[in-house]
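The values are calculated or read from the model by the stated rules, or taken from the named source; none is laboratory data. Here the structure is a predicted model, which means the values were calculated and not measured. Glycine also receives a Cβ, built like all others from the backbone with ideal geometry; neighbour counts cover every protein chain displayed.
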Amino acid sequence: MPFDLDMIKAVYKALPARVEEARKTLGRPLTLTEKILYTHLHPESPLQNYSRAKDYVFFAPDRVAMQDATAQMALLQFMMAGRDNVAVPSTVHCDHLIQAEEGAAQDLAKANDVNKEVYDFLSSVSNKYGIGFWKPGAGIIHQIVLENYAFPGGMMIGTDSHTPNAGGLGMVAIGVGGADAVDVMAGMPWELKMPKVIGVKLTGKMSGWTSAKDVILKVAGILTVKGGTGAIVEYFGDGAESLSCTGKGTICNMGAEIGATTSTFGYDEAMGRYLRATERAEVADLADGVKEHLTGDAECYANPEKYFDQVIEINLSELEPHINGPYTPDLAWPISKFAQAVKENNYPQKLEVGLIGSCTNSSYEDLDRAASLARQAVDKKLKVKSEFTVTPGSEQIRFTVDRDGQLQDFEKMGGVVLANACGPCIGQWARHTDDPNRANSIITSFNRNFSKRNDGNPQTRSFVASPEIVTAMAIAGDLTFNPLTDTLKNENGEDVKLDPPTGVELPAKGFAVEDAGFIPPAADGSGIEVKVDPNSDRLELLTPFKPITQEQLKGMRLLIKAKGKCTTDHISMAGPWLKYRGHLDNISNNCFIGAINFFNGEMNKVANYVDSEDEAEYLGVPDSARKYKAAGISTVVFGEENYGEGSSREHAAMEPRHLGVRAVIVKSFARIHETNLKKQGMLALTFVNPDDYEKVRQDDKIDILGFNEMAPDKNLTVKLHHKDGSTEEFEVAHTYNQAQIDWVSAGSALNKIREELAS
Ligand code: F3S
């Protein structure tokens, strides 16, 4: 039993009183979102009426999940916190690093070989610190979480943007960066701006070709990729109750595509059935006992305009299957309009590959319904025209559909079963093609379809649809085919029509699995040594950062004065650098290589004055930083507005810190990045007068004065020593509170935790 029943019992025991207190404090009925958020306030945020979209609030999530690409740096950092164990139940899932090429067995064997040191590291850290480890091939993080850990009314964070999938089981589940996971695992509060709440009322009942995926494809069309930003989407209505639990999971999963913080559904019978089918009858019984607290108050759903920031209504009885894309998931086409769209926009009509499964759509129901079409293809003597792949979301699903015959149905129609992993969804796809740059069309039941996402080819038009529609389109091999109305020619030359898909929500014989791939942690991990090869180029143990001193803040040099937009991608590029996510020194070779140098308008070319005070040597930014560091000279970075926007990627703060940057001084910060700099023990400062940015020259020597007296709300002073002998001074502000100043004094937030645990 991998899930933590005691933790869930404790949450449910406290729930009725906490919901009642929150209702009293807010003085009105509560949405489900509010019930979950207000019952998960961290003691650092007292119970009060927080303003949506305005107030920053500290929360105490119930659990943490991490995927293998983001877990590496998160765990390397967590190891420095000095804890014996994680503060909340946590899991690691090996799903992102398996490349799809030949088929499940071969691809998994290759991944185990290529990524051995990363997997060994993740499993030994998990074993030592009480973290559940799901080995390669066990499945995709969100499917495993839904099958094992999600519980109604719970709150979790996960280091992957599709963590909201657990909303299918009534959770508030939020995708975050590794640094946030470290906070929660280390026992620190987790901060979020109180989200807005968007209500989606579902009425009616789906039938025929329509499936849960079409709800979110439709919502994406309405709200667009930005419409959910800063909001939690709460689904309700009799239509919501008619959906299976896993169907709800699909809808919540793809809420990430509208930018939503997360999405959720109230507890209902479908969730109870799923909990029981996945051997969590105790959780279902406990949830039944507090069920009125696991859904929004009736008044909120009766008068949604009063309690939600925005309300959308969708009638499932009238909902058509949708196909969204290409290049963006909010370009929504009802299937009746799609053929015309293909012709008008010159999308390549021939469909080359259909791909079903992924974390979004690999439930038993999804695969059973898609398999009913695969069987029809064989029975009706239809020759399948496109390549077809199936990615089961977990070994439990794969084993069960193998036992029940659906996998064989797919194989009979020519499908290839891939490993239980992300594979083509994250571009881990060695696609077989004659020309990797050719314009072509593919269709998936995944969630994202940005340019190059699946196969790296910007000419690939990737469309997103339900597994049923993907399967039907793959049989036809033609994007203008509408399975609801059109016929296909079979091998006998007859016109045949596909019947609407059929399937069941849950396996009649129950789920089964021989080896689910879960490795529980040691009961006592104190004797376990985490080994990292010192010669590894992918992993490197971290050494605690040393605190900044006033002495180091004198005579500093400019590393880069970044011009214009400087996002976390400019600071720490992704793409090929993903490989080094667990090796701070190696990944630091991408530090600021995408930022524009104010003085020459170029990328990755900055002046360095180590060898000569008079003549600049032009170097790449990481090389210049390393040269200053080796010479014992501290550096400063200057930037403009909204510096560090983009992601919560902690590497964008750790790399400059590692390379000897002491302070980042900008016109304004993206808030998450500012916090990340603070956590790494650096100075994140803003110009009091933004025009002072203009005063900084590339050959200046720079002092920061007042560091030893740093206090909340007290400005520091920057003194520029120009080469001509003149000096200029200006004030810089900061937003450090006393606790954050203590992080700087300790060298980093993690050093501070370690000090506290040791004392
Ligand atoms: Fe993996 Fe794609 Fe889901 S990358 S976690 S299958 S969105």
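A few notes on this one:
- The range 291-312 - residue that is crowded, with 18+ Cβ neighbours inside 10 Å and either assigned to a loop (DSSP other than H, G, I, E, B) or modelled with pLDDT under 95 (or both) and, of those, farthest from the chain's Cα centre (by Cα): 297
- Complete set of residues in the range 440-474 that are more than 24 Å from residue 218 (Cα to Cα) and away from the ligand (no atom under 15 Å from the Cβ): 440, 457, 458, 459
- Residue in the range 567-576 that is at pLDDT 95 or above, farther than 16 Å from residue 700 by Cβ and buried (at least 24 other Cβ atoms within 10 Å of the Cβ) present: yes
- Which numbered condition residue 433 fails, given (1) in a loop (DSSP other than H, G, I, E, B); (2) touching a Gly at 6+ places or on another chain (Cβ under 9 Å): (2)
- Top-ranked residue in the range 316-347 [being among the acidic types (Asp, Glu) and under 24 Å from residue 452 (Cα atoms); ranked as surrounded by the most Cβ atoms within 10 Å (Cβ to Cβ)]: 330
- Selection count where residues are touching a helix residue (DSSP H, G or I) at 6+ places or on another chain (Cβ under 9 Å), surrounded by fewer than 22 Cβ atoms within 10 Å (Cβ to Cβ) and not hydrophobic (A, V, I, L, M, F, W, C), scope the range 21-36: 5
Matching residues to (1) touching a Lys or Arg at 6+ places or on another chain (Cβ under 8 Å); (2) of a type in the set (A, V, I, L, M, F, W, C); (3) within 16 Å of the ligand (Cβ to nearest atom); (4) touching a residue at least 60 places away in the same chain (Cβ under 8 Å):
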residue	(1), (2), (3), (4)
84	no, no, no, yes
93	no, no, yes, no
106	no, no, no, no
116	no, no, no, no
123	yes, no, no, yes
142	no, no, yes, yes
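- Qualifying position, being part of a loop (DSSP other than H, G, I, E, B) and of a type in the set (A, V, I, L, M, F, W, C), among 446, 463: 446
- Of the residues examined, residue 601 is one that is outside the structural domain of residue 77 (by TED's automatic domain parsing), more than 14 Å from residue 655 (Cα to Cα) and loosely packed, with under 15 Cβ neighbours inside 10 Å.
- The listed residue being within 37 Å of the chain's Cα centre (by Cα), basic (Lys, Arg) and modelled with pLDDT of 95 or more, out of 723, 678, 695: 678
- Criterion violated by residue 259 - all others in (1) touching a residue at least 60 places away in the same chain (Cβ under 8 Å); (2) closer than 29 Å to residue 38 by Cα satisfied: (1)
- Scanning the range 90-104 for residues that are over 27 Å from residue 150 (Cα atoms) and surrounded by 24 or more Cβ atoms within 10 Å (Cβ to Cβ) gives a single hit, 100.
- Residues located in the range 495-521, provided they are closer than 30 Å to residue 587 by Cβ and in a loop (DSSP other than H, G, I, E, B): 517, 521
- Candidates in the range 259-290 are the residues that are assigned to a strand (DSSP E or B) and within 16 Å of the ligand (Cβ to nearest atom); of these, the one that is farthest from residue 235 (Cα to Cα) is 260.
- For the range 269-290, taking the residues that are surrounded by 18 or more Cβ atoms within 10 Å (Cβ to Cβ) and without any contact (Cβ under 8 Å) to a residue 40 or more places away in the chain, the one that is nearest to residue 197 (Cα to Cα) is identified as 272.
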